[in-house]
Ligand code: SF4
């Protein structure tokens, strides 16, 4: 199966590849994260501060050479449709999980990031016990210090997709030789 076919099946709207060496991990984004608009800060092993410093996040991603950014667009009733935004955020998490399950046997060694929070367990063990599934927890792009609008531009993707829509982003860091499994 081609990678694009797999992404299409998962419902991915757009995707683009960047070299991890060209990705910028910014403390300013982490600082915005710490303002805690999403109310996930300091609530799981996949969020700051538990996810480590921005420098540690950079090193974790840059042990891989390539980063596939992907997005899904959701329609809203209007620009104030908070419930629609939350439903989209939740649906995107499921898309990331489904994609993760499909990629796992194919890519083997990779690291996936998604939108805010981990959300894998009903209740995160943080901070009382170790993460139950360290290989399957998803950190967030913002938590890693990534400015998503800049990264989308780098990857040739739209950050905003029109009025009354919301777009969520995730990404997969991987070694390029792993792509061979998608060749016919
Ligand atoms: S996998 Fe579970 S324990 Fe680990 S960060 Fe996610 S929610 Fe928390």
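Listed values, structure above:
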quantity	calculated
Residues being under 17 Å from the mean Cα position of the chain (by Cα) and either part of a helix (DSSP H, G or I) or touching a residue at least 60 places away in the same chain (Cβ under 8 Å) (or both) - total across region 33-46	6
Complete set of residues in region 122-138 that are surrounded by 17 or more Cβ atoms within 10 Å (Cβ to Cβ) and either over 18 Å from residue 94 (Cα atoms) or more than 17 Å from the chain's Cα centre (by Cα) (or both)	124, 126, 131
Conditions (1) modelled with pLDDT of 95 or more; (2) part of a loop (DSSP other than H, G, I, E, B); number of the one not met by residue 16	(2)
Number of positions in region 93-143 that are in a loop (DSSP other than H, G, I, E, B) and within 14 Å of the ligand (Cβ to nearest atom)	25
Residue in region 93-101 that is without any contact (Cβ under 8 Å) to a residue 24 or more places away in the chain, closer than 18 Å to residue 7 by Cβ, more than 14 Å from the chain's Cα centre (by Cα) and surrounded by fewer than 18 Cβ atoms within 10 Å (Cβ to Cβ) present	yes
Looking only at region 47-62, and only at residues there that are away from the ligand (no atom under 16 Å from the Cβ) and in contact (Cβ under 8 Å) with a residue 24 or more places away in the chain, the one that is surrounded by the most Cβ atoms within 10 Å (Cβ to Cβ)	54
Matching residues, region 144-162, being under 19 Å from residue 57 (Cβ atoms) and away from the ligand (no atom under 16 Å from the Cβ)	145, 146, 147, 148, 149, 150, 151, 152, 154, 155
Condition check for residue 138: in contact with a strand residue (DSSP E or B) (Cβ under 6 Å, 6 or more places away or on another chain) and modelled with pLDDT of 90 or more	yes
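The values are calculated or read from the model by the stated rules, or taken from the named source; none is laboratory data. Keep in mind that what you see is a predicted model, and the values were worked out from it rather than measured. Because the Cβ atoms are built from the backbone with ideal geometry, glycine has one as well, and the counts that use them run over all protein chains shown.
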